[in-house]
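The values are calculated or read from the model by the stated rules, or taken from the named source; none is laboratory data. On a predicted model such as this, the values are computed, not experimentally measured, just so you know. Virtual Cβ from ideal backbone geometry, glycine too; neighbours counted across all protein chains shown. For the accessible areas, the whole protein counts, side chains as well, though only heavy atoms, and no ligand, DNA or RNA atoms are used. Shrake-Rupley method; radii C 1.70, N 1.55, O 1.52, S 1.80 Å.
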Amino acid sequence: MSVAAERPQLPFTRPNVLDLAPLYEVLRREAPVTPVTTPAGDPAWLVTRFDEVRDLLGDKRLGRSHPEPERASRITSAAVLDGPSGNYDTEEADHTRMRRLLTPAFSAKRMQMLSDHVQQLVDDCIDQLLTEHAAAPDGIVDLHTGLAFPLPVAVICRLLGVPQDDHEYFASLSERMANYAIGDGAHQARDEFSRYMSELAETKRTQTGEDVISDVVRAQSTDPDYDYDEMIRLCVGLLFAGHETTVNRIGLGTLFLLTHRDQWQALTADPAARVNATVEEIMRMGAPGDLGLLRYAHTDLDVAGVTIRRGDAVILSVNSANRDASVYTDAENFAPDRPERGHLGFGHGVHFCIGASLARVELRVVFAALARRLPGLRLAKALDELEVRTTLTGGVTELPVTW
């Protein structure tokens with residue numbers, strides 16, 4: 001029986017949190033577009049090879065909406081990014097309007113303002129980790145709860161305009177919405193999130209500022225077609241692009257560096273010179289989650305000799321594409337000095353992540369600061385002992401370290 005005929009079920013078994021399942025290499029070689037079963041039990045096409053994933057990321061014949069949403073395949077029972085979203089008839093126009101609205105939020109001016117803020121937040125987190133390390137009998141602290149999780153929460157809250165007092169509640173909502181292991185709890189968190197963001201938008205009508213929700217409120221005053229549902233979708237997208245995936249990459253990036261001591265030592269020797277290339281390699285190797293990006297075919301199309309029908313679910317495996325040996329030399333090796341510079345960690349084409357500049361700011365500040373202030377950093381637990389987060393973006397639930 002061929003690989004394609006077996007219809008394997010996602011997620012595939014893998015050796016540890018840093019390595020991909022060996023099946024991806026087989027699929028790239030033998031069946032780069034193959035039928036699979038999602039964790040929710042629904043059929044989908046899995047695309048694993050770099051060229052096809054890149055082309056489909058920018059292909060307008062795929063979208064997040066579905067012509068018949070009630071019949072659409074789903075990835076999981078999580079409350080967000082697991083099934084169709086948006087209006088099938090207006091998706092392209094809605095996406096263009098959203099990009100236009102969000103562009104000022106990621107301007108060079110705002111990124112510079114946020115960069116100074118991120119640096120202070122990172123320094124504060126490291127100060128706290130140093131205090132905890134000195135007090136811990138075994139000298140072990142958790143980099144996940146001490147830095148990887150709270151930093152992106154604080155940054156995305158600042159970007160959206162969430163009040164400081166609400167950060168902890170906001171973080172809890174984010175974690176619950178993304179957790180596909182808690183069933184209805186994720187959907188309840190989504191409902192809470194919608195109510196919270198609607199209430200915050202009402203507050204911003206009289207207390208506007210330099211933040212995304214204020215931008216949305218101002219846009220609504222001049223665009224009657226811009227409704228609350230669209231605002232919620234926008235905020236959810238920002239939450240996961242600007243928070244969840246960054247949590248994941250701080251954790252995985254730290255693991256890659258600390259399990260490749262030569263690369264960690266090179267970074268600590270000259271953080272300023274090496275941090276940019278290090279971050280790009282983390283983006284290549286540490287793509288979010290085990291499942292991939294879900295899209296739906298808006299028309300019949302042929303990909304690598306396979307016919308995908310209108311309405312079919314298509315899962316684009318950025319993880320697999322970014323480790324395609326036909327594109328990258330020694331593709332499975334973490335090597336910031338590699339000659340190939342491109343990757344799909346931020347997507348491609350019209351759907352290239354609008355928050356890429358923000359993610360780069362956060363990751364560069366984090367890894368330069370860790371290398372500068374904690375050069376003796378090392379893992380306090382083996383890779384195979386780390387628990388993987390049951391969220392769409394993956395990562396680990398803890399990151400015990402010492403120095």
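Considering the range 310-353, and only residues there that are open to solvent by 40 Å² or more (accessible area, probe 1.4 Å) and among the aliphatic types (A, V, I, L, M), the residue that is modelled with the lowest pLDDT turns out to be Val350.
Okay, residues lined up against (1) touching a residue at least 60 places away in the same chain (Cβ under 8 Å); (2) part of a helix (DSSP H, G or I); (3) closer than 13 Å to Gly286 by Cα:
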residue	(1), (2), (3)
Val327	yes, no, no
Glu332	yes, no, yes
Arg341	yes, no, no
Val350	yes, yes, no
Ala368	yes, yes, no
Arg372	yes, yes, no
Lys381	no, no, no
Glu398	yes, no, no
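Which ones in the range 302-320 are more than 20 Å from Gly83 (Cα to Cα) and of a type outside the set (Ser, Thr, Tyr)? If the condition is that a residue be more than 20 Å from Gly83 (Cα to Cα) and of a type outside the set (Ser, Thr, Tyr), then Asp302, Val303, Ala304, Gly305, Val306 are the ones that fit. Applying the criterion of being out of contact with any Phe, Trp or Tyr (no Cβ under 8 Å at 6 or more places or on another chain) and open to solvent by less than 30 Å² (accessible area, probe 1.4 Å) to the residues of the range 255-265, the residue that is farthest from Phe367 (Cα to Cα) is Leu255.
Residue count for the range 383-396, restricted to those that are of a type in the set (Val, Ile, Thr) and assigned to a loop (DSSP other than H, G, I, E, B): 2. Can you find even one residue in the range 5-18 that is more than 16 Å from Arg323 (Cα to Cα) and among the small types (Gly, Ala, Ser)? Among the residues of the range 5-18, at least one is more than 16 Å from Arg323 (Cα to Cα) and among the small types (Gly, Ala, Ser), which makes the answer yes.
In the range 61-74 there is no residue that is under 30 Å from Leu399 (Cβ atoms), touching a strand residue (DSSP E or B) at 6+ places or on another chain (Cβ under 7 Å), buried (at least 18 other Cβ atoms within 10 Å of the Cβ) and not hydroxyl-bearing (Ser, Thr, Tyr).
Look at the range 43-68: where a residue is closer than 17 Å to Ala331 by Cβ and a partner is charged (D, E, K, R) and not in a loop (DSSP other than H, G, I, E, B), sitting 6+ places away or on another chain with Cβ atoms under 7 Å, you get Thr48/Arg28; Arg49/Arg28. Scoring Val327 on the criteria (1) closer than 30 Å to His95 by Cβ; (2) in contact with a Gly (Cβ under 6 Å, 6 or more places away or on another chain) leaves a single failure, condition (2). Going through Ala359, Ala368 one at a time, which residue ends up being in contact with a Pro (Cβ under 6 Å, 6 or more places away or on another chain), crowded, with 19+ Cβ neighbours inside 10 Å and not acidic (Asp, Glu)? None of the other options fit; the residue is Ala368.
Look at the range 119-144: where a residue is assigned to a loop (DSSP other than H, G, I, E, B) and a partner is of a type in the set (Ser, Thr, Tyr), sitting 6+ places away or on another chain with Cβ atoms under 6 Å, you get Gly139/Thr402; Ile140/Thr402.
The residue list Arg338, Arg364 contains one member that is farther than 18 Å from Ala105 by Cβ and over 17 Å from the mean Cα position of the chain (by Cα), which is Arg338. Within the range 290-310, does at least one residue satisfy the condition of being in a helix (DSSP H, G or I) and in contact with a helix residue (DSSP H, G or I) (Cβ under 8 Å, 6 or more places away or on another chain)? No, every residue in the range 290-310 fails to be in a helix (DSSP H, G or I) and in contact with a helix residue (DSSP H, G or I) (Cβ under 8 Å, 6 or more places away or on another chain).
Considering the conditions (1) touching a residue at least 60 places away in the same chain (Cβ under 8 Å); (2) outside any helix (DSSP H, G or I); (3) open to solvent by 40 Å² or more (accessible area, probe 1.4 Å), Gly83 is excluded by exactly one of them, (3).
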